[in-house]
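J.: Supplied in structure tokens, the structure appears directly below.
The values are calculated or read from the model by the stated rules, or taken from the named source; none is laboratory data. Keep in mind that what you see is a predicted model, and the values were worked out from it rather than measured. When we count neighbours, we look across all protein chains shown, and the Cβ atoms used for this are built from the backbone with ideal geometry, even at glycine. Ligands, DNA and RNA are excluded from the accessible area calculation, which covers all protein heavy atoms including side chains. Shrake-Rupley method; radii C 1.70, N 1.55, O 1.52, S 1.80 Å.
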Amino acid sequence: MSEELVTLTIDDREVSVPKGTTIIRAAESIGVYIPRFCDHPGLAPRGSCRQCLVEIPDAGNGRGFPAPQASCTMTVAPGMIVKTQMTSAKAKAAQAGIMELLLINHPLDCPICDKAGECPLQNQALLAERVESRFDGVKRRYEKPVPISSQLLLDRERCVLCARCTRFAEEIVGDPFISLCERGTHQQVGFSGEQPFESIFAGNVVQICPVGALTSVQYRFNARPFDLVSVDTTCEQCAAGCALRTDSRHGTIRRRLAGVNPEVNGEWSCDKGRFTLASVPAEQRITTPQIRENGTLRPASWPEALSAAADGLAGGYGGDAKVGVLTGGNLTKENAAAYASFAREVLHTDSIDFRTRQVSDEETAFLRQQAPQVTYADLETAARVVCVDFDPEVDAPIVFLRLFKAVTKGKLQVLALGAQPGRTWEKLRAELVSGTPKQALKELDLTVDDIILVGERAAATPGTLDTISFLRAKWAWIPSHAGDIGALEAGCLPQADGLTVNGILNAAMDGEIALLTDDIELFAAEGALAKAFTVSLANHKEGIATAADVVLPTALVEEQAGTLVNWEHRAGVVNPAIPGTLPTAAEVLARLQAVIEAYRAYTREDDADFEDYEDDDDYEADEVSGFERPEEPPAAAAPPTAAAPSEPEASDAETTSEGEEVPA
Amino acid sequence: MTELLTPILSANWGVDKSWTLKSYLSFDGFEGAKKALKLKPEEVLEIVKESGLRGRGGAGFPTGTKWSFVPQDNPNPKYLVVNADESEPGTCKDMPLLLASPHTLLEGIVIASYAIHCHTAFVYVRGEVAHVARRLQAAVAELYAAGWLGKDIQGSGFDLDVVVHSGAGAYICGEETALLDSLEGKRGQPRLRPPFPAVAGLYASPTVINNVESISSVPCILRNGAEWFSAMGTEKSKGFTIYSLSGHVAKPGQYEAPLGTTFAQLLECAGGMRAGHELKFFTPGGSSTPILTPADVDIPMDYEGMVGAGTMLGTKALQVFDETTSIVRTTLRWSEFYAHESCGKCTPCREGTGWLVQLLKRLEAGQGHEGDVDKLLSVCDDINGLSFCALAGGAVACVTSAVKHFREEFELGYTTPAWEAFPYELSTAWAGGAK
Ligand SMILES: Cc1cc2nc3c(=O)[nH]c(=O)nc-3n(C[C@H](O)[C@H](O)[C@H](O)COP(=O)(O)O)c2cc1C
Ligand code: SF4
Ligand code: SF4
Ligand code: SF4
Ligand code: FES
């Protein structure tokens, strides 16, 4: 509120904007779009393309500028009068002249350019109205395109030398592996064959390049912008929680772009998020339920697979097997919540864990007190940020960008515990602190102005998490998966006497419990998986599915709606980017619950009745269980077939508790 | 006519080994600095202000006023940077000065640094002139040995280090902000202003940038007083300056005279045009200043006089051309220079200068298209005033002023090669006086 406002006139309309605002931004605020190339709200002003020229008949001091001025670098002044191309013939002519000059060396190969259809140069050239070029000379030629990294191609003929890409590399991510070089008409984006543009943020330059000079190998010649269906979503690759835009064509995702969320990712993303198009590649996908028979998986119908799963997990008719539930960290919060209630209400177990790695009781206790304390914005105002067993660039890249910004533009000091020297820390000008975390943290004398960012590897060093929880500094736990925080919030952690992942796997090893898992990483669990009866909701062939006894395929994250909660505990909306045919984990669990409940209901019936049903020609499944009886994998909840319950051998030795622990 | 000349900076150029400290001292060398060190810095600044000295690097900004912009409450170090990048076509005054009398500049640096509380001064020398840089470096070494540089200069308590830095050969590095970037080890391209160098220049610290001749003019002002200096020259253009005459004159060279001397007077000093030829056109201050013609020879060559004639005093580099010269060829050569030297940062200059060259090339070859001359002017119009720095303005000025005065010669380029209308061998030095 204390912000000082400046009032000026743009195209005969009065506007008040904060002091220090550039004319181009002030104009935007009243809906006046001034053409631009080098200007980008996320980058420092440069004023070099000269496309944004406006007439300033009065600079606020009664005197005007004789020639049009760059609106992207000049800041507003009280009483200033600005005339853009909308009201000034002079500004319009100047812009048209610049546009003509920009195009004299441009190849105009739009028909084979990825950018065509969404190209600021195309769009603004048409706005400039002077459509015919008077240039009839010889154009500048370059070899095209040349790779500047394994993922990016550079076409120097199309480049308008706006320096957005090079400024991004230097200012925003601190990886200046590309830079303008040469001079005059030979100026070009320079790169080194020996040191390619290998930044984990490099893909952003394709998005901010105002022409088709930078293209991605992945998307090249893949689609036209007007053929794409765009969906805003949240990235599922890490806990940073970037807004993304997913573009698909013919039901296949063609590219992903950073979405805009000023509070989280600004308008950047990392390459992991950008270039991971399908969370599971098509050839890796599991599309039908499967059952293990004689050691190998075979396709099964939904009813058969569901009843096999129900058999093993619920202990057959009337049974109630002991089960451990491992959800992993890749679920939407909705799916995680479904697991949490399924575990407690259907399987009657508190043994549920989203973690699939070494954990400790100390960590479990630490995570139970998880509450939102820190936001991205806080990182910029903190005095010190201490990274404990957390590598921002790898674990949550957007956190790195915020830290980099605060370090280079502000006064933030970064410290790192449990870190090896490396480029990330050099870029952050970080001080690497040695010693045990416990001791080191105490010696730092942290105050409420400091922030601790702790990663999941901290669980491996006893004392670290306990120490953090009683220090005065604010802290945030930043896990490595996009669904970890959502799972934590949804209750995928033992709340009372349940087993954690360690206990669950040990018990499974000892043959005491069965397992229900999502598509978790295998880590050191092979032994337990081989021993225990395992039902896995999975979507990719090479993972957990290779060890499960019953595999129930699920929809991919890009095929469903939901929520991913980032490390700040901020909810991000996930929208279905492409249509899918498989049910979500929550839907599969609902079906499984129905089958299990049908089983349990059946214990109240008698076998004779069951035989009767079986033989009765007028049998209506609906009347019994509320289900229909599809032959094919159904779109809706699947019933146990009449045949299924009569095949108890589908469950193996682990379900010995069958019938012994019948509740109610 | 030679009584018109005022050899002050150039007084010692002719003597044996004029570049040594010993020789320099015999010409009252360092008397100005001695005086200055006895005064308060503010008093020195006041004297320079009073003298009316204006920048000799092109723009003519009052030197004392520039120094007074340095915010003394800024905690950062203050820097003086001397611009010895001299690369403007025709301009050739700073290099001879540095070769003949490097100590004149160095004495000026001591005084100027003292006035602005600077303890580290830089001289940025254009890359192509290694011999000049070497001579300057030798002179700097002499001064350290003699106690005129380093700690506690001459017992005054004032410390000053001087760093001589060679550029890599780029005209744009004469533009003061590009110079600063280059000096900092970056690519030499102009910076966005504000912030202005006086507030955040070299290493983001307050910085004064002055031309070699501006700083070299300071010692004699301290030695002889502000009044002595301002008694020379005209009302708003005080003092003397070095005019550099080159081209088709009998005796090309440096002519030091009061500001306001006319071209006719200077030409007379230089022995007139080469025998048997007459003046066709000339530049008053390098190729970036619009050309003048025989009609303008009696206009006083000072800042105001030249602005009045629609041009600029610039670097006072008078390139003189006689009637054997093709204006189209001359303009093309200049344009090629600008296209080659454009730093490439901004669109109009990067793209426009190249287009001008393409148009001028076909006019030179007699292959111009009908309408090319208007196109030339129109392209100039799309560049002029719209570029990031002043380089493009100069690139355009030589074209528009040439077309203004000699349009029919450009139009001849639709049909006739320039080398047919103006056989090139006639304008060479070895063509003799024969017409
Ligand atoms: C393209 C360009 C080239 C320049 N080259 C030089 C130069 O070589 N030497 C110089 O002293 N000033 C040059 N200038 C002017 C400087 O920017 C600056 O105005 C000057 O050094 C200030 O010194 P003064 O106030 O003593 O004249 C150039 C300016 C431009 C735009
Ligand atoms: S490659 Fe694109 S972003 Fe980079 S300078 Fe060229 S036009 Fe600008
Ligand atoms: S930083 Fe994380 S959330 Fe953002 S794009 Fe990369 S992987 Fe996705
Ligand atoms: S006018 Fe533009 S391209 Fe030309 S030298 Fe200046 S900044 Fe560079
Ligand atoms: S957008 Fe203003 S100069 Fe490029």
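J.: Of the numbered conditions (1) of a type in the set (A, V, I, L, M); (2) more than 10 Å from chain B (Cβ to nearest Cβ); (3) in contact (Cβ under 8 Å) with a residue 40 or more places away in the chain; (4) under 30 Å from A:Val217 (Cα atoms), A:Leu108 fails exactly one; give the number of that condition.
T.: The single condition A:Leu108 does not satisfy is (3).
J.: Can we say A:Val325 is in contact (Cβ under 8 Å) with a residue 40 or more places away in the chain and crowded, with 24+ Cβ neighbours inside 10 Å?
T.: On the way: in contact (Cβ under 8 Å) with a residue 40 or more places away in the chain: yes; crowded, with 24+ Cβ neighbours inside 10 Å: yes.
Considered against the rule, which asks whether it is in contact (Cβ under 8 Å) with a residue 40 or more places away in the chain and crowded, with 24+ Cβ neighbours inside 10 Å, A:Val325 comes out as yes.
J.: Taking only the stretch A:546-583 into account, find how many residues are surrounded by fewer than 24 Cβ atoms within 10 Å (Cβ to Cβ) and more than 18 Å from A:Cys235 (Cβ to Cβ).
T.: 6
J.: Restricting the stretch B:188-202 to residues that are open to solvent by 50 Å² or more (accessible area, probe 1.4 Å), in contact (Cβ under 8 Å) with a residue 12 or more places away in the chain and more than 16 Å from ligand 5 (Cβ to nearest atom), which is nearest to the other protein chains (Cβ to nearest Cβ)?
T.: Taking the candidates together, the pick is B:Phe196.
J.: Sticking with this one: Taking the stretch A:174-186 as the search range and keeping residues that are more than 12 Å from every other protein chain (Cβ to nearest Cβ) and open to solvent by less than 20 Å² (accessible area, probe 1.4 Å), which one is farthest from A:Val399 (Cα to Cα)? Write out each step before concluding.
T.: Step one: of the stretch A:174-186, the residues more than 12 Å from every other protein chain (Cβ to nearest Cβ) are A:174-175, A:177-178.
The next check asks that each one be open to solvent by less than 20 Å² (accessible area, probe 1.4 Å); those that pass are A:174-175, A:178.
Numbers: A:Gly174: 14, A:Asp175: 16, A:Ile178: 23 Å.
Only one residue tops the list, namely A:Ile178.
J.: If I ask for residues that are away from chain A (no Cβ under 14 Å) and either open to solvent by less than 20 Å² (accessible area, probe 1.4 Å) or in a helix (DSSP H, G or I) (or both), which ones from the stretch B:160-173 would you list?
T.: Within the stretch B:160-173, the subset away from chain A (no Cβ under 14 Å) is B:160-166.
Once the filter is applied, which keeps residues that are away from chain A (no Cβ under 14 Å) and either open to solvent by less than 20 Å² (accessible area, probe 1.4 Å) or in a helix (DSSP H, G or I) (or both), the stretch B:160-173 yields B:Leu160, B:Val162.
J.: If you take the residues in the stretch A:78-98 that are assigned to a helix (DSSP H, G or I) and touching a Lys or Arg at 6+ places or on another chain (Cβ under 7 Å), which one is nearest to the other protein chains (Cβ to nearest Cβ)? Reasoning before the result, please.
T.: The first filter runs over the stretch A:78-98 and keeps only residues assigned to a helix (DSSP H, G or I), leaving A:89-98.
Then drop every residue that is not touching a Lys or Arg at 6+ places or on another chain (Cβ under 7 Å), which leaves A:91, A:96, A:98.
Numbers: A:Ala91: 11, A:Ala96: 8, A:Ile98: 5 Å.
Only one residue fits best here, namely A:Ile98.
J.: Further, regarding this structure: Looking at (1) touching a Gly at 6+ places or on another chain (Cβ under 6 Å); (2) within 16 Å of ligand 5 (Cβ to nearest atom), find the lone condition where A:Arg158 falls short.
T.: (2)
J.: Shifting gears a bit: Go through the stretch A:48-64 and give me each residue that's part of a strand (DSSP E or B), open to solvent by 20 Å² or more (accessible area, probe 1.4 Å) and either without any contact (Cβ under 8 Å) to a residue 12 or more places away in the chain or within 14 Å of chain B (Cβ to nearest Cβ) (or both). Full working, then the answer.
T.: Taking the stretch A:48-64 first, the residues part of a strand (DSSP E or B) are A:53-58.
From the residues that got through so far, the ones that are open to solvent by 20 Å² or more (accessible area, probe 1.4 Å) too are A:55, A:57-58.
The one that is part of a strand (DSSP E or B), open to solvent by 20 Å² or more (accessible area, probe 1.4 Å) and either without any contact (Cβ under 8 Å) to a residue 12 or more places away in the chain or within 14 Å of chain B (Cβ to nearest Cβ) (or both): A:Glu55.
J.: Of all the residues that make up the stretch A:149-163, how many are within 14 Å of chain B (Cβ to nearest Cβ) and out of contact with any Pro (no Cβ under 7 Å at 6 or more places or on another chain)?
T.: 4
J.: Then there's this: Could you list, in sequence order, the residues of the stretch B:182-202 that are within 24 Å of A:Gly20 (Cβ to Cβ) and either within 16 Å of ligand 2 (Cβ to nearest atom) or in a helix (DSSP H, G or I) (or both)? First the steps, then the outcome.
T.: We begin by selecting, within the stretch B:182-202, every residue within 24 Å of A:Gly20 (Cβ to Cβ); these are B:190-201.
Scanning the stretch B:182-202 gives B:Pro197, B:Ala198, B:Val199, B:Ala200.
J.: If we scan the stretch A:155-178, do we find a residue that is more than 16 Å from ligand 1 (Cβ to nearest atom), among the small types (Gly, Ala, Ser) and within 30 Å of B:Thr353 (Cβ to Cβ)? Even if it seems obvious, please write down each step before you answer.
T.: The initial filter retains those residues of the stretch A:155-178 that are more than 16 Å from ligand 1 (Cβ to nearest atom), namely A:155-178.
Then drop every residue that is not among the small types (Gly, Ala, Ser), which leaves A:163, A:169, A:174.
So of that shortlist, the ones also within 30 Å of B:Thr353 (Cβ to Cβ) come out as A:163, A:169.
Yes, the stretch A:155-178 has at least one match.
J.: Conditions: (1) surrounded by fewer than 24 Cβ atoms within 10 Å (Cβ to Cβ); (2) within 30 Å of A:Met74 (Cβ to Cβ). B:Gln254 meets all but one. Number of the miss?
T.: The single condition B:Gln254 does not satisfy is (2).
J.: Considering each of A:Val231, A:Val280 in turn, give the residue that is more than 16 Å from ligand 2 (Cβ to nearest atom), open to solvent by less than 60 Å² (accessible area, probe 1.4 Å) and not in a strand (DSSP E or B). Explain how you work it out, then say what you get.
T.: Working: A:Val231 fails: not in a strand (DSSP E or B).
Step by step, each of A:Val231, A:Val280 is checked, and only A:Val280 is more than 16 Å from ligand 2 (Cβ to nearest atom), open to solvent by less than 60 Å² (accessible area, probe 1.4 Å) and not in a strand (DSSP E or B).
J.: Which one of A:Gly241, A:Gly212 is more than 14 Å from chain B (Cβ to nearest Cβ) and open to solvent by less than 10 Å² (accessible area, probe 1.4 Å)? Steps first, answer last, please.
T.: Values: A:Gly241 fails: open to solvent by less than 10 Å² (accessible area, probe 1.4 Å).
Only one candidate passes the filter, namely A:Gly212.
J.: Okay, moving on. Considering (1) assigned to a loop (DSSP other than H, G, I, E, B); (2) out of contact with any strand residue (DSSP E or B) (no Cβ under 7 Å at 6 or more places or on another chain); (3) away from ligand 3 (no atom under 16 Å from the Cβ), say which one A:Phe226 fails and leave the rest.
T.: Evaluating A:Phe226 over (1) assigned to a loop (DSSP other than H, G, I, E, B); (2) out of contact with any strand residue (DSSP E or B) (no Cβ under 7 Å at 6 or more places or on another chain); (3) away from ligand 3 (no atom under 16 Å from the Cβ) leaves (1) as the failure.
J.: Of the residues A:Glu118, A:Glu132, A:Glu143, A:Glu171, which single one is part of a helix (DSSP H, G or I) and surrounded by fewer than 20 Cβ atoms within 10 Å (Cβ to Cβ)?
T.: Numbers: A:Glu118 fails: part of a helix (DSSP H, G or I); A:Glu132 fails: part of a helix (DSSP H, G or I); A:Glu143 fails: part of a helix (DSSP H, G or I).
Result: A:Glu171 is the single residue among A:Glu118, A:Glu132, A:Glu143, A:Glu171 that is part of a helix (DSSP H, G or I) and surrounded by fewer than 20 Cβ atoms within 10 Å (Cβ to Cβ).
J.: Can you confirm whether the stretch B:9-31 contains a residue that is crowded, with 21+ Cβ neighbours inside 10 Å and either outside any loop (DSSP other than H, G, I, E, B) or modelled with pLDDT under 95 (or both)?
T.: Looking for residues that are crowded, with 21+ Cβ neighbours inside 10 Å and either outside any loop (DSSP other than H, G, I, E, B) or modelled with pLDDT under 95 (or both), one finds at least one in the stretch B:9-31, hence yes.
J.: Among the residues of the stretch B:326-340, write down those that are open to solvent by 10 Å² or more (accessible area, probe 1.4 Å) and more than 7 Å from every other protein chain (Cβ to nearest Cβ).
T.: Looking only at the stretch B:326-340, we keep the residues that are open to solvent by 10 Å² or more (accessible area, probe 1.4 Å), and these are B:329-330, B:333-334, B:336-337, B:339-340.
Once the filter is applied, which keeps residues that are open to solvent by 10 Å² or more (accessible area, probe 1.4 Å) and more than 7 Å from every other protein chain (Cβ to nearest Cβ), the stretch B:326-340 yields B:Arg329, B:Thr330, B:Arg333, B:Trp334, B:Glu336, B:Phe337.
Residues are listed down the side, and each one gets a yes or a no for (1) touching a helix residue (DSSP H, G or I) at 6+ places or on another chain (Cβ under 8 Å); (2) modelled with pLDDT under 95:
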{"position": "A:Ser341", "(1), (2)": "no, no"}
{"position": "A:Phe354", "(1), (2)": "yes, no"}
{"position": "A:Ala371", "(1), (2)": "no, yes"}
{"position": "A:Thr375", "(1), (2)": "no, no"}
{"position": "A:Phe390", "(1), (2)": "yes, no"}
{"position": "A:Leu403", "(1), (2)": "yes, no"}
{"position": "A:Lys411", "(1), (2)": "no, yes"}
{"position": "A:Ala419", "(1), (2)": "yes, yes"}
{"position": "A:Glu431", "(1), (2)": "no, no"}
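J.: Mind listing whichever residues of the stretch B:174-187 are among the charged types (D, E, K, R) and buried (at least 23 other Cβ atoms within 10 Å of the Cβ)? Walk me through it before giving the result.
T.: First, the residues of the stretch B:174-187 that are among the charged types (D, E, K, R): B:175-176, B:181, B:184, B:186-187.
Across the stretch B:174-187, the qualifying residues are B:Glu175, B:Glu176.
J.: Which of (1) in contact with a helix residue (DSSP H, G or I) (Cβ under 8 Å, 6 or more places away or on another chain); (2) modelled with pLDDT of 95 or more; (3) of a type in the set (A, V, I, L, M, F, W, C) does A:Ala310 not meet, given it meets every other one?
T.: If we test A:Ala310 against (1) in contact with a helix residue (DSSP H, G or I) (Cβ under 8 Å, 6 or more places away or on another chain); (2) modelled with pLDDT of 95 or more; (3) of a type in the set (A, V, I, L, M, F, W, C), just (2) comes out false.
J.: Let me ask another. Which residues, taken from the stretch B:271-304, are charged (D, E, K, R) and not in a helix (DSSP H, G or I)?
T.: Initially, the stretch B:271-304 is screened for residues charged (D, E, K, R), giving B:274, B:278, B:280, B:296, B:298, B:302, B:304.
Those that are charged (D, E, K, R) and not in a helix (DSSP H, G or I): B:Arg274, B:Glu278, B:Lys280, B:Asp298, B:Asp302.
J.: Sticking with this one: Sort out for me the helices (runs of 4 or more DSSP H) sitting completely within the stretch B:346-419 that have 1 or more residues that are at the interface with chain A (Cβ under 10 Å from one of its Cβ atoms) and polar (S, T, N, Q). If you could, list the steps in order and put the result at the bottom.
T.: Details: elements: B:347-364, B:372-383, B:391-412.
Output list reads B:347-364, B:372-383.
J.: Okay, moving on. Determine which member of the set A:Leu522, A:Leu516, A:Leu465 is without any contact (Cβ under 8 Å) to a residue 60 or more places away in the chain and among the hydrophobic types (A, V, I, L, M, F, W, C).
T.: Working: A:Leu516 fails: without any contact (Cβ under 8 Å) to a residue 60 or more places away in the chain; A:Leu465 fails: without any contact (Cβ under 8 Å) to a residue 60 or more places away in the chain.
The unique qualifying residue is A:Leu522.
J.: A:Leu101 - would you say it is away from ligand 2 (no atom under 16 Å from the Cβ) and either open to solvent by 20 Å² or more (accessible area, probe 1.4 Å) or within 14 Å of another protein chain (Cβ to nearest Cβ) (or both)? Working first, answer last.
T.: Numbers: away from ligand 2 (no atom under 16 Å from the Cβ): no; either open to solvent by 20 Å² or more (accessible area, probe 1.4 Å) or within 14 Å of another protein chain (Cβ to nearest Cβ) (or both): yes.
When the stated conditions are applied, A:Leu101 does not pass them.
J.: Out of the stretch B:322-370, which residues are closer than 18 Å to B:Ala390 by Cα and in contact with a Phe, Trp or Tyr (Cβ under 6 Å, 6 or more places away or on another chain)?
T.: Within the stretch B:322-370, B:Glu341, B:Lys345, B:Cys346, B:Thr353 qualify.
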